[in-house]
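Report on one structure; see the data block that follows.
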Amino acid sequence: WGKPVTSPTGTLSPQVSTWGDNVPVGEVTGFPQSVKLEDGEVVVFSWLIWPDKATADAGYEKMMADPRMEKLDMPFDGKRMIWGGFETVFEAQA
């Protein structure tokens, strides 16, 4: 659902979206608690890889300004979505 909007924004990789199949509830915290997971729901985890923060910022603005975003039928409750930017501290080769 997101590829047409994310693909022209300068990412280094395609958007990766995953459907949780082993996401346990933690004793103190965890993915289910962080999104207030309800019965019948599954945690979804997605990411994009950008070459640098400037490209990420510009790409995000471009995505949010794209009129196709308004027409997307999001398969989740966006109010409980968690998002952020992270700097790589370690990367291992396969």
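Throughout, read-outs are computed from the coordinates displayed, never taken from laboratory work. What you see is a predicted model; the values in this text were computed from it and never measured. In this analysis, Cβ positions are derived from the backbone assuming ideal geometry, glycine residues included, and neighbour counts consider all displayed protein chains.
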Next item on the list: Enter the angle in degrees (range 0 to 90, nearest 10) between the Cα long axis of helix 53-65 and the first principal axis of the Cα atoms of the chain, meaning the one along which they spread out most.
Entry: 80 degrees
Checklist line | Size of electric dipole in region 1-88: Cβ of Lys, Arg +1 and of Asp, Glu -1, about Cα centre, debye, nearest 20 | finding: 260 debye
Note to self: Sequence gap of 8 or more, or different chains, plus Cα separation below 26 Å: how many lysine pairs satisfy both in the chain?
What the structure shows: 11
Next item on the list: Could you point to the label whose value was computed as Rg and Dmax of the Cα atoms in Å for the structure here, given (1) 34.8, 111; (2) 15.2, 47; (3) 15.1, 42?
Entry: (3)
Checklist line | Relative contact order of the chain, pairs being alpha-carbon contacts under 8 Å that are 6 or more residues apart, as % | finding: 35 percent
Next item on the list: Please report Thr11, Thr55, Thr18 as a ranked list, fewest other C-beta atoms within 10 angstrom at the top and most at the bottom.
Entry: Thr18, Thr55, Thr11
Next item on the list: Can you list which of the chymotrypsin sites (Phe, Trp or Tyr not before Pro) found in region 20-94 are DSSP loop residues with at most 16 other C-beta atoms within 10 Å?
Entry: Phe76, Trp83, Phe86, Phe90
Note to self: Can you compute 3J(HN,Hα) from phi for each residue in region 27-39, using the Karplus curve 6.51 cos²θ - 1.76 cosθ + 1.60 with θ = phi - 60°, rounded to whole Hz and x for Gly and Pro?
What the structure shows: 5, 10, 8, x, 4, x, 5, 5, 10, 6, 4, 9, 3
